[in-house]
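See below for the structure under consideration.
The values are calculated or read from the model by the stated rules, or taken from the named source; none is laboratory data. Quantities reported herein were computed from a predicted structural model and do not represent experimental measurements. Here the Cβ is made from the backbone with ideal geometry for all residues, glycine too, and neighbour counts use every protein chain on show.
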Amino acid sequence: MKVRFLRSAMLDMGEIRQYIAKDNPAAAKRLVHSIRKKTSQLNRRPFSERMIPETINTNFGELVDSNYRIMYQVSDKFVTIFAVYESHYTESQRH
């Protein structure tokens, strides 16, 4: 299964990177790399992460990386990342 990013998710990551890079360019680069690494693992186990709690559709999942929520949809051929945004989770909310 192939992981792909919608334009909306790419724009989200670009905005996040620009915002963080104002104070710490290296941290911005590390965060984007971390997000890409985490999402690339979805090609093997797309249903390994939790469902998005706002929906009952089991094809929608989310990953949390640091304070960033990565939302995706699973179809027959693709895991499609459609949004990446800041979200403050507590440890008990992560899984």
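General observations
- Some residue of segment 44-65 being assigned to a helix (DSSP H, G or I) and either in contact with a His (Cβ under 6 Å, 6 or more places away or on another chain) or surrounded by 15 or more Cβ atoms within 10 Å (Cβ to Cβ) (or both): no
- Annotation: of all residues in segment 28-43 being within 15 Å of Tyr72 (Cβ to Cβ) and among the basic types (Lys, Arg), the one that is surrounded by the fewest Cβ atoms within 10 Å (Cβ to Cβ) is Lys37.
- A count restricted to segment 32-57 and to residues that are in contact (Cβ under 8 Å) with a residue 24 or more places away in the chain and within 11 Å of the chain's Cα centre (by Cα) stands at 6.
- For segment 19-27, the criterion of being closer than 14 Å to Val79 by Cβ, aromatic (Phe, Trp, Tyr) and surrounded by 11 or more Cβ atoms within 10 Å (Cβ to Cβ) is met by none of the residues.
- Scanning segment 1-31 for residues that are closer than 15 Å to Thr80 by Cα and not in a helix (DSSP H, G or I), we see that the one that is nearest to the chain's Cα centre (by Cα) is Phe5.
- Cross-chain or 6+ apart pairs with Cβ under 7 Å, segment 2-14 first and among the polar types (S, T, N, Q), then at pLDDT 95 or above: Ser8/Phe82; Ser8/Ala83
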